[in-house]
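Asker: My structure is below; once you've seen it, I'll send some questions.
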Amino acid sequence: MLVRALAVCVLALAAAAAHAAEEFTFDATEFQKKPLELGGYVELKQQHFTLNPDGALYLLNFYREPRSYLDDTTLTLKPSGVLRRGAVSLNFRAHLEGDWETRGFDRLARFDEFYGSYKPDPGFTLDAGKVSLKWGKGYAWNPVAFVERVKDPNDPDLAREGFTLLTADWIRNFDGALRTVAFTPVVLPASPDINPDFGAGRHLNAAAKLYLLYRDTDIDFMILSNGSRSRRYGADFSRNITSNLEIHGELARIEDTQRQVTTAAGQATLVRGAATSYLLGARHLSERDTTTVLEYYRNGPGLSEDEMKNFVRFVDSAYAQYLATGNDAALARAANLARNGYGRPNPGRDYLYLRVSQKEPFDILYFTPAITVMANAADHSTSVAPELLYTGFNNVELKLRAFFLNGGAGTEFGEKQNRRRIELQARLYF
Amino acid sequence: MRLLALLLTLMLACPAAWGADANDILKKVDRNLEPESYEMYRKLINIEPSGAKKEYVLYSVKKGRDKVVALFLSPPSDAGRATLRDGDNMWLYIPNVGKPVRITSLQSVVGGVFNNADILRVDYSVEYNAESAQEEKDAYLLNLKARTGEVAYDRLKMWVDRKVLLPVRIEAYAASGLLIKTLHFKDIKDFGGGIRRPATVETDSPLYKGHRSIMLYSQLKKREFPDEVFTLNYLSRVEDLRK
């Protein structure tokens, strides 16, 4: 009996030892670099919108078919890959999307990036093709992002579509207070055939960024030449004040901006002039792993509170005219104004952004709840978005978010198309 | 009286001498763990109380005393992420998403017990001053104090094997005296090129009861890199360093 028990114990110990040995084995040869690498993710997103029947943007989009809610299912495939041969590589990131909304189906297929790279040494890179550049230090907004598509402050981490361009990168390191200098020139052609949404006409646009790591501070200076867009200059910085507090800022000067504004009667005029935009922000990490991001954004070319209110009055009168006469010409003009400025995300001048996220509360690994508040500082309307993120399953990311828009009549968030939005997103990485 | 003065002088000088010896030991521990400039592969395994595991594979390169870059190779959800440390500056780059952002040493890019300071560790002697060393039966116990407030752990207690001058156990404490985590160094292995060190570092923390984190080392080699590799602009290209 005793011998049998001992034998069982020995076998159990041997099995445990074998398991432990297997558990802690690592041979890096299986992770050797391959000439072709593919990856990406597939994402399923379900959204439910509670519409805002009092909102000006709701009236513009739904005056013919009023409704109280919308459901939207989006299936997105984002494959990416790289093919390497010596100092040359071919890189791509595609975006394939099917969108089933209550009113119909839509689809989208494009390359977000598709470019060739030549990297003869670590200090030099040349990229040619469709590239997504990322300039600026702000989290929610980047006024110095002169050669990028606009970031969605509701999804600042979302990968964006690039522009077709030629860019290089020189890096040099030094000893002393100035540790790094990097220079990034960009040539971006724009015409009706290539980068048509960068600006009107045919232009060969030139831009450049100079990066310095000086006394433990990241500093950038950037410029975009006059062409498809007016000439603009910018600078940004980022620095750790303490081991858990970072501050950052951006400043952009645009030589010539134009925006369409309307009176309450619908008389639209073009307002032109130079504008200065800037952003100041901080990121703090507490001992309890709470990350707080706070930013103030001054959108120089943005609309004033009165300009916003006049637009809303115009939409209200255009809608009243439609109800009385069936004539929607004024609503069509208002919709055109919305496309050109009033309806864009954050069309106003002063914004505050606060995001607080708590990593792994109550010892729940891979779980991060967060809340994001975006406020139009002029009219005090807000968007409040609580969020739950779980990444505990291998290669799966689950996110549940809700958006609550608050604000009175004539305010930015009070006049949006939606009053609430609930969103469930599942991503599988491969 | 003269004898008393001499004794007093010797007693006062002793802690300083011990401190100097302790720092010498610490420097030797640093060089025995890794060459000053190297490349290596590591696997991080987070084990939950339920037994569920999450694994990460990183490729890391280091130059000099305080420049480190780590690139995530696996799992696919994290592949391509790169973290850079240049002195007290740390950045995180997430591919396709945004530009590199500054991060702090206590933050964790992988979740679980390991934080950035563990993943982007520079020489212990760069971050810590060895205030004293005590001789124990088979080990030296080094009492280390962070040189600046930027360092992730305010104090370390490091038990060093007296024969091979490699750490056996490290306890990491916050400034409040709270024990944050304990690292256990195991499985001494010959990596070639004169590098013989523990291939496994197991970590537990009273802050994460029942959780364990394991770090496994592979292909640790001496290698020199140009300074340009350790810059913000190079973070998206770290993969190019792998052969």
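Read-outs throughout are calculated quantities, based only on the coordinates presented, and are distinct from any laboratory measurement. Note that this is a predicted model, so its numbers are computed, not measured. Methodologically, a virtual Cβ is constructed for each residue, glycine included, from the backbone with ideal geometry; neighbour enumeration extends over all protein chains shown.
Asker: Could you tell me which of the pairs B:99/B:221; A:209/A:399; B:54/B:181; B:27/B:67; A:119/B:27; A:359/B:157 are separated by over 25 angstrom between their Cα atoms in the structure shown?
Answerer: Over 25 Å Cα-Cα: B:99/B:221; A:209/A:399; A:119/B:27; A:359/B:157.
Asker: Classify segment A:324-378: rounded, prolate or oblate, from the alpha-carbon gyration tensor (a ≥ b ≥ c, eigenvalue square roots; a/c under 1.5 rounded; otherwise prolate if a/b is larger than b/c)?
Answerer: Since a/c reaches 1.5 and a/b is larger than b/c, the shape of segment A:324-378 is classed as prolate.
Asker: Right, another one. So who's got an amide H within less than 5 Å of the one on residue A:205, skipping anything under 5 residues away but keeping other chains? H placed 1.01 Å off N, in plane.
Answerer: A:188, A:190
Asker: Arrange the following residues from fewest to most other Cβ atoms within 10 Å of their Cβ: A:248, B:184.
Answerer: Fewest-to-most Cβ neighbours within 10 Å comes out as B:184, A:248.
Asker: Charges on Cβ only, +1 for Lys and Arg, -1 for Asp and Glu, centred on the Cα centroid of segment B:142-241; of B:159, B:178, B:201, which one is farthest towards the dipole's positive end?
Answerer: Farthest towards the positive pole: B:159.
Asker: Using Cβ contacts closer than 10 Å as the measure, can you line up A:233, A:41 from fewest to most?
Answerer: By the 10 Å Cβ count, ascending: A:233, A:41.
Asker: Quick one: 3J(HN,Hα) in Hz for segment A:156-167, Karplus 6.51/-1.76/1.60 with θ = phi - 60°, rounded, Gly and Pro as x.
Answerer: Once θ is set to phi - 60°, the couplings for segment A:156-167 become x, 8, 6, 5, 10, 6, x, 10, 7, 7, 10, 9 Hz.
Asker: If you place +1 on the Cβ of every Lys and Arg, -1 on the Cβ of every Asp and Glu, and leave all else neutral, what size is the dipole of the protein assembly as shown about its Cα centre, to the nearest 20 Debye?
Answerer: 760 debye
Asker: Let me ask something additional. Between A:206, A:393, A:125, whose Cα lies farthest towards the positive end of the dipole of chain A when Lys and Arg beta carbons carry +1 and Asp and Glu beta carbons carry -1, centred on the Cα centre?
Answerer: Result: A:206, furthest along the dipole toward the positive end.
Asker: Moving to a separate point now. In whole Hz and in residue order, list the ³J(HN,Hα) couplings for segment A:365-374 that follow from phi through the Karplus curve 6.51 cos²θ - 1.76 cosθ + 1.60, θ = phi - 60°; x for Gly and Pro.
Answerer: Once rounded to whole Hz, the list reads 4, 6, 10, 9, x, 8, 9, 10, 10, 10.
Asker: Mind checking the dipole of segment A:50-429: about its Cα centre, +1 per Lys or Arg Cβ, -1 per Asp or Glu Cβ, Debye to the nearest 20?
Answerer: Dipole size: approximately 660 debye.
Asker: Once you place label points 7 Å from the Cα toward the Cβ at residue A:96 and residue A:37, how far apart are they in nm?
Answerer: Going by the 7 Å Cα→Cβ label model, 2.2 nm.
Asker: I would also like to ask the following. Could you pull the Cα extents of the protein assembly as shown along its three principal axes, largest to smallest, in whole Å?
Answerer: 106, 69, 59
Asker: According to the square roots a ≥ b ≥ c of the eigenvalues of the Cα gyration tensor, what is the shape class of segment B:147-243, taking rounded for a/c under 1.5, prolate for a/b larger than b/c otherwise, and oblate for the remainder?
Answerer: Cα axes put segment B:147-243 in the oblate bin.
Asker: Turning to a different aspect of this structure: For segment A:50-429, take the convex hull of the Cα atoms, compute a quarter of its surface area, and give me that in nm², please.
Answerer: The directionally averaged projection comes out at 21.2 nm².
Asker: How long are the three semi-axes of the equivalent ellipsoid of segment A:86-172, in whole Å, if each is the root of 5 times an eigenvalue of the C-alpha gyration tensor, listed from largest down?
Answerer: Three semi-axes, in Å: 29, 19, 9.
Asker: Still on this structure, please answer the following. Per DSSP H run of n ≥ 4, the term is -39500 (n - 2.57); total these for chain A, divide by its residue number, and report the mean residue ellipticity at 222 nm rounded to 500 deg cm²/dmol.
Answerer: -4500 deg cm²/dmol
Asker: Something else about it: Cut-off is 10 Å between beta-carbons; in what order do B:122, A:147 appear when sorted fewest neighbours first?
Answerer: Arranged by neighbour count, lowest to highest, B:122, A:147 become B:122, A:147.
Asker: Charges only on Cβ, +1 for Lys and Arg, -1 for Asp and Glu: so what's the dipole of chain B about the Cα centre, in debye to the nearest 20?
Answerer: Here chain B has a charge dipole of around 340 debye.
Asker: Another question about this same structure. When the Debye formula is applied to the Cα atoms of chain B, each taken as the same point scatterer, what base-10 log of I(q)/I(0) results at q = 0.11, 0.12, 0.15, 0.17 Å⁻¹?
Answerer: Rounded to two decimals, the profile gives -0.59, -0.70, -1.08, -1.38.
Asker: Order the peptides B:151-157, B:130-136 from the highest to the lowest mean number of other Cβ atoms within 10 Å of their residues.
Answerer: Highest-to-lowest ranking by the protection proxy: B:151-157, B:130-136.
Asker: Percent relative contact order of chain A, based on C-alpha pairs within less than 8 angstrom and at least six residues apart?
Answerer: Answer for chain A is 13 percent.
Asker: I'd like the mean, over residues of A:169-178, of how many other protein chain beta carbons sit within 10 Å of each residue's own Cβ.
Answerer: Partner Cβ neighbours, averaged per residue: 3.
Asker: Can you work out ³J(HN,Hα) from phi for every residue in segment A:100-111, in order, using Karplus 6.51 cos²θ - 1.76 cosθ + 1.60 and θ = phi - 60°, giving whole Hz and x for Gly and Pro?
Answerer: Using θ = phi - 60°, the values come out as 9, 10, 3, 8, x, 10, 9, 9, 8, 9, 7, 8 Hz.
Asker: With a/c under 1.5 counting as rounded, go ahead and sort segment A:274-339 into rounded, prolate or oblate using the C-alpha gyration tensor (a ≥ b ≥ c being the square roots of the eigenvalues; past the cut-off, prolate if a/b is larger than b/c, else oblate).
Answerer: Since a/c reaches 1.5 and a/b is larger than b/c, the shape of segment A:274-339 is classed as prolate.
Asker: Sticking with this structure for a sec: Using only helices, what value at 222 nm comes out for chain B when you add -39,500 (n - 2.57) per DSSP H run of length 4 or more and divide by the total residues, to the nearest 500 deg cm²/dmol?
Answerer: It lands at -5000 deg cm²/dmol.
Asker: May I have the convex hull volume per residue, in Å³, for the Cα set of segment B:70-198?
Answerer: In segment B:70-198, the Cα convex hull volume per residue is 138 Å³.
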